[in-house]
Amino acid sequence: MAADTRDLDASDGQLLVTTGVEGPAAKMGHRLRLAFPWRATVRFADDTPVSVELIADVADLEVLGGEGGVKGLSGPEKAIAASNATKTLDAKKHPHITFRADEIAATAVGYRLTGTLHIHGTERPRVVDLTAEDLGTAWRLSCKAVVRHSDFGVKPYSMMLGALKVADEVEVSFTAEHTTS
């Protein structure tokens, strides 16, 4: 049984988080699109993936944009939103978000990854359905999932005495293309 390891990172694709807004003043808030730098290691046995570890760097997240709100997000407002997000996630104490899967099962369109998601010092079991498309010289990988702040002890950012706050549920999407050797 031949073992092999492949490394991927943000140069291969994007790890995005899209937030929602809640509260009586929700129309004033932006639904943010955040990009996280990431890196992943996939371990194989005889060309079959057997484990995955993906690490996202919280402190270096970037606000790509925001929908809604009274007006569009300016550069300084993006910087403030990024600062608020890293404070909410307590990036100094918890600099990484990690997903580790040691159980991988083939599906009709890719793989089902069963593992553990670690955010803000809290671990929770997590199943991720990853779509994998063989492009011949590369693999295209993608998935989407919903994550709740409250499941990980994270209090969503709020302002105006809670009249405007980030929704508890955020959507996480991952896309990557990795060239095969």
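The values are calculated or read from the model by the stated rules, or taken from the named source; none is laboratory data. Small disclaimer: the values here were computed from a predicted structure and weren't measured. Every residue, glycine among them, receives a Cβ derived from its backbone with ideal geometry; neighbour counts consider all protein chains shown. We work out accessible area using only protein heavy atoms, side chains counted, and drop any ligands, DNA or RNA first. Shrake-Rupley method; radii C 1.70, N 1.55, O 1.52, S 1.80 Å.
So which residues in the stretch 43-54 are open to solvent by 60 Å² or more (accessible area, probe 1.4 Å) and of a type in the set (A, V, I, L, M), if there are any at all?
First pass over the stretch 43-54, keeping only residues open to solvent by 60 Å² or more (accessible area, probe 1.4 Å): 43, 46-48, 50.
The one that is open to solvent by 60 Å² or more (accessible area, probe 1.4 Å) and of a type in the set (A, V, I, L, M): Val50.
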Seminar exercise, completed: Counting only residues in the stretch 55-70 that are assigned to a strand (DSSP E or B) and touching a Leu at 6+ places or on another chain (Cβ under 8 Å), the one most open to solvent (accessible area, probe 1.4 Å) is identified as Glu62
Problem set entry | Criterion violated by Ile97 - all others in (1) open to solvent by 60 Å² or more (accessible area, probe 1.4 Å); (2) in a strand (DSSP E or B); (3) of a type outside the set (Phe, Trp, Tyr) satisfied | (1)
Exercise. Arg39 passes all but one of (1) open to solvent by 30 Å² or more (accessible area, probe 1.4 Å); (2) assigned to a strand (DSSP E or B); (3) more than 22 Å from Lys93 (Cα to Cα); which number fails?
Worked result: (3)
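Only one residue in Val109, Val58 is in contact with a helix residue (DSSP H, G or I) (Cβ under 7 Å, 6 or more places away or on another chain), without any contact (Cβ under 8 Å) to a residue 40 or more places away in the chain and not polar (S, T, N, Q). Which one?
Working: Val109 fails: in contact with a helix residue (DSSP H, G or I) (Cβ under 7 Å, 6 or more places away or on another chain).
Residue meeting the stated conditions: Val58.
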Exercise. How many residues does the stretch 71-90 contain that are surrounded by fewer than 14 Cβ atoms within 10 Å (Cβ to Cβ) and more than 28 Å from Val127 (Cα to Cα)?
Worked result: 8
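Give the stretch 127-152 a look and list any residue that's among the acidic types (Asp, Glu) and closer than 20 Å to Thr18 by Cβ, or say none.
Step one: list which residues in the stretch 127-152 are among the acidic types (Asp, Glu), which gives 129, 133-134, 151.
Result: Asp129, Asp151.
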Problem set entry | Condition met for Ala26 (of a type outside the set (Lys, Arg), under 22 Å from Ala167 (Cα atoms), at pLDDT 95 or above and open to solvent by less than 50 Å² (accessible area, probe 1.4 Å)) | no
For this session: Considering only the stretch 158-177, state which residues are farther than 17 Å from Lys27 by Cβ, surrounded by fewer than 19 Cβ atoms within 10 Å (Cβ to Cβ) and out of contact with any His (no Cβ under 9 Å at 6 or more places or on another chain).
Result: Glu171, Ser173, Thr175, Glu177
For this session: Go over the candidates Leu15, Leu34, Leu8 one by one and state the one that is touching a Phe, Trp or Tyr at 6+ places or on another chain (Cβ under 6 Å), modelled with pLDDT of 90 or more and assigned to a strand (DSSP E or B).
Result: Leu15
Exercise. With (1) exposed (fewer than 15 other Cβ atoms within 10 Å of the Cβ); (2) of a type outside the set (A, V, I, L, M, F, W, C); (3) without any contact (Cβ under 8 Å) to a residue 40 or more places away in the chain; (4) closer than 27 Å to Val50 by Cβ as the list, and Thr137 as the residue in question, which single condition is left unmet?
Worked result: (3)
